[in-house]
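The values are calculated or read from the model by the stated rules, or taken from the named source; none is laboratory data. Not measured: the values here are computed from a predicted model. No Cβ is skipped: glycine too gets one built from the backbone with ideal geometry, and neighbour counts run over all protein chains shown.
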Number of protein chains: 2
Amino acid sequence: MKFKIEHTDKETSARAGILELAHGMVKTPVFMPVGTQATVKTLTPDELVDVDAEIILANTYHLYLRPGHELIEQLGGIHRFASWRRPVLTDSGGYQVFSLTDLNKVKQEGVYFRSHLDGSYHTFTPEYVIRIQRSLGSDIMMVLDECLPYPSTENQVRDSIKLTLQWAERSLREYHQTSPLYGHDQTLFAIVQGGSYEALRRESASALTELEFPGYAIGGLSVGEPKQIMYDMTSICTAILPVEKPRYLMGVGKPEDLIQGIENGIDMFDCVMPTRNGRKGAVFTHQGMTILKNAGNKDDDSSIDPECDCYTCRNFSKAYLRHLFKAEEILGMRLASLHNLYFYIQLMKTARSAILANRFKEFKNDFFSRYEIQKHVKN
Amino acid sequence: MKFKIEHTDKETSARAGILELAHGMVKTPVFMPVGTQATVKTLTPDELVDVDAEIILANTYHLYLRPGHELIEQLGGIHRFASWRRPVLTDSGGYQVFSLTDLNKVKQEGVYFRSHLDGSYHTFTPEYVIRIQRSLGSDIMMVLDECLPYPSTENQVRDSIKLTLQWAERSLREYHQTSPLYGHDQTLFAIVQGGSYEALRRESASALTELEFPGYAIGGLSVGEPKQIMYDMTSICTAILPVEKPRYLMGVGKPEDLIQGIENGIDMFDCVMPTRNGRKGAVFTHQGMTILKNAGNKDDDSSIDPECDCYTCRNFSKAYLRHLFKAEEILGMRLASLHNLYFYIQLMKTARSAILANRFKEFKNDFFSRYEIQKHVKN
């Protein structure tokens, strides 16, 4: 992996970079569509290329359980399995183990959990999670981390970041002691934790920085804490993390959160929001979010967003899309997901151009002057 | 509409023709994908063009109820509404009124029924159904017919074909007394009924032939009767229907039924089978139908059908498709639907080439020598 910062905005910490991965170049800031089960929900690889997704996410926990990483290895790795030729980042599964399973127990060695699918018992150690990701063959692997709920006490979080740090060291060791299986390089990112405690965020970021990972993620945010805490924690971390390495804000978020993250020096984002909202008929426009099923769209012959030239907006009216959702037709979910991803990815491109032109603030102000933030929609 | 028979096979009644409709040429024999609610389930118009669907079906009953034909008229007709530029045939809704509603009452004037969606009361008369189809703007409209269940008594069927004949006359009158709304021609097909009674099929076909409709459909088959009855009734009808006009076997069917229909002089088919089966993970191959979820596909790196070059078969293994169905991912439904439609349409193309080369029998024998017919799968 190589990461080159092309330009940093003069007024903010926003940066435009290029991430060179085994399966291609990724221009940052980048939004990574989420393909949990080795498919970005409802969409084909061709459509992802059409909306210019340069990298997608897949999930270690889900793929380990189903279809199993051994099977994916047998079939030549995740790129071949899912017929996706561009880069893939695999989450470590830490977040899922702590959020999806009704039974999990953390020990020094690793985490014991029951599958949310069939209740079977499993263990993830930092080493095993690296080996699973070797089987998957992702371009970017993530370390196993402990993810505490929000809120957690300072003592809980202090203990937790120590464990996450130890796991990160073990992950890095395993990373160096194992080799890629498919002839292409894989890189490894650490994950900064620390809850909503500034000192602990600093401690976690500093300690992980010393380990000299190729890249860094900020985890444990966008889990229910107030927005301002998320923004503050992000900037605290990015102030410490090495400036020349990529930074990834995990699981974030809404368009406004992405813009805020970029301003704070974040390079990479992922979130289920564009696809999950799309499947429910909630679509993004430059004016804010719109619900396609709303009666107001009944005879609306215009497209979702007049400024958008995605396949959906070039071909279909809101009236037709509303009909598809009312009639529970899958095509509606597809077209809305496609539009939302296009919206997110275009937003990143526009932000990037603004950074290169030293006018990120102007871009941000322009965006917020028109975009109505949904206060009551859960992230 | 113009219909030209290019060639009739020397040994059978199979014909290769060209149907010239307002929105384009259709090479027959043709399979028409079913887009009941103005969307061929799970697929985009672009994908339908990719699999070379030359005409699709939409349903008057469903579109009348939701979103309403007035709305579709207001939005410029079904082609514009659904962003589909090729021909559309609309079913009259007769079949749905009799099969989907739990309450319907037939009178001379028309049929009274309750919506399967909300229980509201409605009336379809032959004239109204023509006017609805004028609103929709389909290239081919169908007359309202009475569809009896199988089995029905001879007396019931005798009364029914009289009514269907009267309705056909009224439909034709309404057709001549109304004009297209969007500047393109619409044509009208009659529907032969007669249940499984040879004499009544002959009577219905003869009487409708005298009315000189532009085209003819054979209805009331593939409704639970033995296969042989369907084949016999088809050939009885095609022997009477004018040779120079297109013939459409409604709601049929499985690949083997299409081949049998072509041999008996049928030009057009429609069926939900390729898309409905596809959504359930049942896919067609030259060896017969395969269930993608089957354990045998778990680590099968090969495509659904090595002879197929559809998007699905060019890009995805059965192992991946099985994973998608096991994980209940919509992409699985899409890819299987796409493959099945491609299979059906390619089958029609191959049949057509065989007819043009006077070797339809050879094609048929070749097909059946390899294709294992599923005896216990409901059509």
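Odds and ends about this structure:
- Subset of segment A:198-221 (residues that are in a loop (DSSP other than H, G, I, E, B) and surrounded by fewer than 21 Cβ atoms within 10 Å (Cβ to Cβ)): A:L211, A:E212, A:P214
- Wholly within segment B:240-350, strands (runs of 3 or more DSSP E) carrying at least 3 residues that are under 18 Å from B:V51 (Cα atoms): B:268-270, B:282-285
- Filter pass, B:V111 being in contact with a Leu (Cβ under 8 Å, 6 or more places away or on another chain), within 18 Å of B:A190 (Cα to Cα) and among the hydrophobic types (A, V, I, L, M, F, W, C): yes
- Of all residues in segment B:5-21, those that are under 13 Å from B:A357 (Cβ atoms) and assigned by TED's automatic domain parsing to the domain that holds B:D139 have Cβ atoms under 8 Å from Cβ atoms of residues that are of a type in the set (S, T, N, Q) and in a strand (DSSP E or B), 6 or more apart or on another chain, in B:A14/B:T8; B:A16/B:T8; B:A16/B:T28.
- Residue in segment B:176-184 that is buried (at least 20 other Cβ atoms within 10 Å of the Cβ) and modelled with pLDDT of 95 or more present: no
- Applying the condition of being of a type outside the set (S, T, Y) and in contact with a Ser or Thr (Cβ under 8 Å, 6 or more places away or on another chain) to segment B:238-249 and asking which residue is farthest from B:Q374 (Cα to Cα) yields B:P242.
- Condition met for A:G261 (surrounded by 23 or more Cβ atoms within 10 Å (Cβ to Cβ) and either within 14 Å of chain B (Cβ to nearest Cβ) or hydroxyl-bearing (S, T, Y) (or both)): no
- When we screen B:A336, B:A354 for residues that are more than 30 Å from A:L335 (Cβ to Cβ) and crowded, with 21+ Cβ neighbours inside 10 Å, the only hit is B:A354.
- Residues of segment A:318-332 that turn out to be at the interface with chain B (Cβ under 7 Å from one of its Cβ atoms) and either touching a residue at least 40 places away in the same chain (Cβ under 8 Å) or touching a strand residue (DSSP E or B) at 6+ places or on another chain (Cβ under 8 Å) (or both), as a count: 1
- Failed item in (1) charged (D, E, K, R); (2) within 14 Å of chain B (Cβ to nearest Cβ); (3) assigned to a strand (DSSP E or B), with A:K4 passing the rest: (2)
- Across segment A:272-310, the number of residues qualifying as of a type in the set (S, T, Y) and within 14 Å of another protein chain (Cβ to nearest Cβ) comes to 3.
- Any hit, segment A:170-184, residues being over 24 Å from A:C271 (Cα atoms), touching a strand residue (DSSP E or B) at 6+ places or on another chain (Cβ under 7 Å) and of a type in the set (S, T, N, Q): yes
- Filter result for B:I291 (under 28 Å from the mean Cα position of the chain (by Cα), β-branched (V, I, T) and assigned by TED's automatic domain parsing to the domain that holds B:F31): no
- Of the residues contained in segment A:241-249, one or more are found to be under 23 Å from A:P151 (Cα atoms) and either of a type in the set (A, V, I, L, M) or modelled with pLDDT of 95 or more (or both).
- A search for C-beta distances below 9 Å between a residue of segment A:254-272 that is assigned by TED's automatic domain parsing to the domain that holds A:K361 and any residue that is outside any loop (DSSP other than H, G, I, E, B) and modelled with pLDDT under 95, counting only pairs 6+ apart in sequence or on different chains, returns nothing.
- Hits in segment A:14-55 - residues which are in contact with a strand residue (DSSP E or B) (Cβ under 8 Å, 6 or more places away or on another chain), assigned to a loop (DSSP other than H, G, I, E, B), away from chain B (no Cβ under 14 Å) and among the small types (G, A, S): A:A14, A:A53
- Verdict on B:I191 being surrounded by 24 or more Cβ atoms within 10 Å (Cβ to Cβ), among the β-branched types (V, I, T) and in the same structural domain as B:Y150 (by TED's automatic domain parsing): yes
- Taken over segment A:164-206, residues that are under 23 Å from A:M230 (Cβ atoms) and basic (K, R) amount to 2.
- For segment B:58-89, filtered to residues that are surrounded by fewer than 23 Cβ atoms within 10 Å (Cβ to Cβ) and facing chain A (nearest Cβ under 9 Å), the residue that is nearest to the chain's Cα centre (by Cα) is B:H62.
- Of the criteria (1) among the β-branched types (V, I, T); (2) surrounded by fewer than 23 Cβ atoms within 10 Å (Cβ to Cβ); (3) within 14 Å of chain B (Cβ to nearest Cβ), which one A:V106 fails: (3)
- Taking (1) touching a residue at least 24 places away in the same chain (Cβ under 8 Å); (2) more than 28 Å from B:L19 (Cβ to Cβ) in turn, B:D301 satisfies each apart from (1).
Residues checked against (1) at pLDDT 95 or above; (2) more than 28 Å from A:M25 (Cα to Cα):
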position	(1), (2)
A:F81	yes, no
A:R86	yes, no
A:L89	yes, no
A:G110	yes, yes
A:G137	yes, no
A:P151	no, yes
A:E154	yes, yes
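- Within segment B:90-103, the only residue that satisfies the criterion of being surrounded by fewer than 16 Cβ atoms within 10 Å (Cβ to Cβ) and among the charged types (D, E, K, R) is B:D102.
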